[in-house]
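**Student:** Can you keep this structure in mind? I'll have questions shortly.
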Amino acid sequence: MILVVGFSADYFIKSRFETYTREKIREESMDFVIQVNNAYYSAQNTWNSHAMKGIGVSAMEKGFLLTILDEKGQVIWDAKGYNRGFCSDLLIKMEQNMLAQYPNFKGGYEEKKYVLESARDDIGTLIVGFYGPYFFNESEIRYVKALKEVLVGAGILSLLLSVLVGAVVSNRLSRPLMMINESARNIIKGTYRNHAKLKSTTTEVLELSSTINALGEELDRQEELRKQLTADIAHELRTPIATLTSHLELMIDGIWNPDEKRLTALQKEAERLGDLVNDLSKIAQLESAQLRLNKELVNLGTVVEQTVSMVRGDYYKKGVSLEYHGMSCEILGDARKLQQVLLNLLNNALKYTEEKGQVVVNMSYFGEMTRIVVEDTGIGIPKEDIEHIFERFYRVDKSRNRASGGVGIGLAITKAIVEAHGGSITVQSEVGKGSRFEVILPE
């Protein structure tokens, strides 16, 4: 980058000086024309050789070789005729100076002619010779040389500073990034709790570290939930399988008769296995993101009312009051999936509400949205569990009794269905007082 800047600066200086010297040559030439004309008029419209010599010698000192001709083409004064050796040395020196500054410079002797005029007619011709297409005098050469030295010095200083700053910045960035990389490698190996503890003033690095640490914590938590799920599934499978195996062995050995009572018990154990398989299929469906909706125009009020009717019998058996206050409302959605949402919420409310408790379902408009609220007077949800309640495999009750929470997938599926409809679901709860689930759906 520094080299590019250096070459660009050198090109810019050369270009600007070229423009400057070309303009200087033009102005000096016009000044010589004016001087010759004035000298001619001052001598009563005659050629004063002494005055012409003074102008010519002064021009030679500036690097210009003048030739003055009268109207008939006769030479009045000629620099080469005056001092040919000096003129030759002057041109050679100019060439050397230009090549010293620009080794590839191509130049040579050039002449420009200017007409000398009086008030009414031409009085002669002025030929201005110089080293072209342009040249630098001694002071200009010194200036260019000094400027290049300054640029080279600035370039070297910039290079040293950039190396120093680069080393400092690299150290401040590379060390935190190496720590973050090590943390990421630990996550790949399955060590999720080995967090990168950084001290950095770089916001992006801190954000990256925070993200990696949060990823590790989430993976660790998910791993714990999966381990718990595996243990739960093993326990759930072990009990009905052991019961089925022992009962069947006793029947096969002829110790027990396969009467209706024993066959009914075996049927219930088989149903438990079937329920567990259904839960596992729901988990697979949620994890593979295959939650597909068959949307159509449905009356949400009818769906909610039918769902409430479906569970009234269970509520009656447990002695829990169930009330519904709703209205007719059409939305674009999947009626079967929406019914599953209500069933999950109502079954959870019944499961965690004691006898003589109450569950109320309210449906109302909320701006351009429809709101469904399922509120119970159950045991409530601990504060530390509320933020995790919709996560898959998470169970508030960590016991292995399926009657107290299943495998922790129902509310995760409920949230997925609601969000697939463009809505949202939230929960408010207090231990000992009950819970309030609120579903918001677009009309």
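The values are calculated or read from the model by the stated rules, or taken from the named source; none is laboratory data. Every value quoted in this text rests on a predicted model; they were computed, and no experiment measured them. No Cβ is skipped: glycine too gets one built from the backbone with ideal geometry, and neighbour counts run over all protein chains shown. Remember, those area values only see protein heavy atoms, side chains included, never the ligands or the DNA or RNA. Shrake-Rupley method; radii C 1.70, N 1.55, O 1.52, S 1.80 Å.
**Student:** Kindly state, to the nearest 0.05, the FRET efficiency for residue 147 paired with residue 184, given R0 = 51 Å and r defined as their beta-carbon distance.
**Tutor:** Values: r = 52 Å, r/R0 = 1.01.
Calculated value: 0.50.
**Student:** Under unit Cβ charges (Lys, Arg +1; Asp, Glu -1), what dipole magnitude, rounded to 20 debye, does the chain have relative to its Cα centre? Please list the in-between numbers first.
**Tutor:** Values: 53 positive and 59 negative charges, 201 e Å.
With only Lys, Arg, Asp and Glu charged at Cβ, the dipole is about 960 debye.
**Student:** On full extension of the chain, what length is gained from residue 248 through residue 433, given 0.36 nm per residue of separation minus the C-alpha to C-alpha distance?
**Tutor:** Length gained between residue 248 and residue 433: 62.0 nm.
**Student:** Can I ask one more? Run the numbers for residue 172 and residue 260: contour at 0.36 nm per residue of separation, minus the present Cα-Cα distance, in nm.
**Tutor:** Working: separation 88, 0.36 × 88 = 31.68 nm, distance 7.73 nm.
Here the answer is 23.9 nm.
**Student:** Report the extension gain between residue 336 and residue 204 in nm, rounded to one decimal, defined as 0.36 nm multiplied by the number of residues separating them, less their alpha carbon distance.
**Tutor:** Length gained, residue 336 through residue 204: 43.0 nm.
**Student:** Pairs 295/318; 318/383; 106/148; 62/148: which are spaced more than 30 Å apart, C-alpha to C-alpha?
**Tutor:** On the way: 295/318 35 Å; 318/383 27 Å; 106/148 21 Å; 62/148 24 Å.
The answer is 295/318.
**Student:** Please report the relative contact order for region 263-387, taking Cα pairs under 8 Å with a sequence separation of at least 6, and give it as a percent rounded to a whole number. Could you put the intermediate results ahead of the total?
**Tutor:** On the way: 142 pairs, mean separation 28.4, N = 125.
Relative CO of region 263-387 lands at 23 percent.
**Student:** Can you tell me the orientation of helix 49-61 relative to the chain, as the angle in degrees between its alpha-carbon axis and the longest Cα principal axis, to the nearest 10?
**Tutor:** It works out to around 30 degrees.
**Student:** A further question on this structure: Per residue, how many Å² of accessible area does region 118-157 show with a 1.4 Å probe? Don't jump to the answer; show the numbers that get you there.
**Tutor:** On the way: 2120 Å² over 40 residues.
Heavy-atom SASA per residue in region 118-157 reads 53 Å².
**Student:** Let me ask something else. Give me the one-decimal nm value for the distance between modelled label points at residue 154 and residue 34, 7 Å along each residue's Cα-to-Cβ direction.
**Tutor:** Simple spin-label model gives 3.5 nm for this pair.
**Student:** Given R₀ = 22 Å, what would the calculated FRET efficiency be for residue 111 paired with residue 86, taking r from the Cβ atoms and rounding to 0.05?
**Tutor:** Values: r = 17 Å, r/R0 = 0.79.
About 0.80, to the nearest 0.05.
**Student:** Residue 296 accessible area, nearest 10 Å², 1.4 Å probe?
**Tutor:** 100
**Student:** Ok, one more. Residue farthest toward the positive end of the dipole of the chain, with Cβ of Lys/Arg at +1 and Asp/Glu at -1: which of 134, 169, 247?
**Tutor:** 169
**Student:** Right, next: What lysines does residue 317 reach when the alpha-carbon gap must be under 24 Å and sequence neighbours fewer than 8 apart in one chain are set aside?
**Tutor:** Hits, sequence-local ones excluded: 261, 268, 351, 356, 433.
**Student:** Once amide H atoms are placed 1.01 Å from N in the peptide plane, what residues at a sequence separation of 5 or more from residue 116, or on another chain, have their amide H within under 5 Å of its amide H?
**Tutor:** For residue 116, whose amide H was placed from the backbone, the distant partners under 5 Å are 123, 124, 125, 126.
**Student:** Can you sort 185, 221, 193 by solvent-accessible area, 1.4 Å probe, largest first?
**Tutor:** Numbers: 185 130, 221 50, 193 180 Å².
Listed by decreasing accessible area, they come as 193, 185, 221.
**Student:** Could you tell me the accessible area of residue 259 in Å² (1.4 Å probe, neighbours in place), rounded to the nearest ten?
**Tutor:** Ignoring ligands and nucleic acids, residue 259 comes out at about 60 Å².
**Student:** Here's something else I'd like to know. Would you please give the residues with an amide H less than 5 Å from that of residue 322, counting only those at least 5 places away or on a separate chain, with H modeled from the backbone geometry?
**Tutor:** 359
**Student:** While we're on this one: Could you report the accessible area of residue 247 in Å², rounded to 10, computed with a 1.4 Å probe on the protein chains as they sit in the structure?
**Tutor:** The accessible area of residue 247 comes to roughly 40 Å².
**Student:** Name the shape class, rounded, prolate or oblate, that the alpha-carbon gyration tensor gives for the chain, where a ≥ b ≥ c are the square roots of its eigenvalues, rounded holds for a/c under 1.5, and otherwise prolate holds if a/b is larger than b/c and oblate otherwise.
**Tutor:** prolate
**Student:** Tell me the angle of helix 84-101 to the major Cα principal axis of the chain, expressed in degrees between 0 and 90 and rounded to the nearest ten.
**Tutor:** 10
**Student:** Tell me the angle of helix 335-351 to the major Cα principal axis of the chain, expressed in degrees between 0 and 90 and rounded to the nearest ten.
**Tutor:** Compared with the principal axis, the helix lies near 60 degrees.
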